[in-house]
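The values are calculated or read from the model by the stated rules, or taken from the named source; none is laboratory data. Because the structure is a prediction, the values reported are computed rather than measured. Please note: Cβ atoms are built from the backbone with ideal geometry, for glycine as well, and neighbour counts cover all protein chains shown.
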Amino acid sequence: MQQLSSSWMTVLIKRVFPVLWYGFLVFQLFMWPQQARQDLIVLLAMAIGGFVIFRMFNFVDEVWLDGEQLLVKNRGGQWRIPLTDIGDAESVYGGRGTRHIELSLDREWPGLGSKVKYLPSDSNSLDDLKLRIDALRRIAKYR
């Protein structure tokens with residue numbers, strides 16, 4: 001099995017950064033309890049903005065390539081997705097040079113949805129994955 005997702009980067013974005021973000025906001029709230037009303041509005045806007053941003057970058061925990069399947073792990077669950085069920089695989093660039101992989105699935109998977117987003121472990125993993133998917137589709141077409 002080959003790991004396609006970056007474990008440390010996923011943990012940093014999904015677990016560490018939100019704790020730091022909201023920890024900072026709570027610290028600001030209790031550090032100066034006599035804040036002006038507009039400061040509280042800014043903190044509330046930052047809390048809502050953080051929630052929206054963290055929901056936009058809803059990455060799965062792990063993605064592994066296991067022969068002709070992807071093993072996707074997220075929030076304690078795991079799914080085995082045949083590579084032939086992947087409709088499209090693309091690299092999406094976010095802010096500040098960050099890049100993630102977005103897989104569009106041919107059907108809705110219970111508990112996972114129709115898209116799988118993950119942070120890649122290396123830059124070649126998408127090209128290798130696309131080659132495997134194309135090869136399996138060509139083989140399946142002639143069966």
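Residue under question is THR84, and the condition is that it be polar (S, T, N, Q) and farther than 26 Å from LEU136 by Cα; does it hold? No, not satisfied. Would you check if there is a residue in segment 52-60 being within 18 Å of ASP134 (Cβ to Cβ) and aliphatic (A, V, I, L, M)? The answer is no; no qualifying residue exists.
Sort out which residues of segment 27-39 are surrounded by fewer than 13 Cβ atoms within 10 Å (Cβ to Cβ), touching a helix residue (DSSP H, G or I) at 6+ places or on another chain (Cβ under 9 Å) and either at pLDDT 80 or above or at positive phi (or both), and write them in order of number. If the condition is that a residue be surrounded by fewer than 13 Cβ atoms within 10 Å (Cβ to Cβ), touching a helix residue (DSSP H, G or I) at 6+ places or on another chain (Cβ under 9 Å) and either at pLDDT 80 or above or at positive phi (or both), then no residue fits. Given the condition in contact (Cβ under 8 Å) with a residue 60 or more places away in the chain, buried (at least 16 other Cβ atoms within 10 Å of the Cβ) and under 21 Å from ASP127 (Cβ atoms), answer yes or no: does some residue in segment 8-20 qualify? Yes, some residue in segment 8-20 is in contact (Cβ under 8 Å) with a residue 60 or more places away in the chain, buried (at least 16 other Cβ atoms within 10 Å of the Cβ) and under 21 Å from ASP127 (Cβ atoms).
Residues in segment 40-66 that are at pLDDT 85 or above and either exposed (fewer than 13 other Cβ atoms within 10 Å of the Cβ) or assigned to a helix (DSSP H, G or I) (or both): LEU44, ALA45, MET46, ALA47, ILE48, GLY49, GLY50, PHE51, VAL52, ASP66. Of the residues making up segment 61-102, those that are without any contact (Cβ under 8 Å) to a residue 40 or more places away in the chain, in contact with a Phe, Trp or Tyr (Cβ under 8 Å, 6 or more places away or on another chain) and closer than 18 Å to LYS130 by Cβ are ILE81, ARG99.
The set of residues in segment 100-143 being over 11 Å from GLY87 (Cα atoms) and touching a Ser or Thr at 6+ places or on another chain (Cβ under 7 Å) consists of ILE101, GLU108, TYR118, LEU119, PRO120, SER121, LEU126, LEU136, ALA140.
Considering segment 110-130, the residues that are hydrophobic (A, V, I, L, M, F, W, C) and within 14 Å of LEU71 (Cα to Cα) include one that is surrounded by the most Cβ atoms within 10 Å (Cβ to Cβ), namely VAL116.
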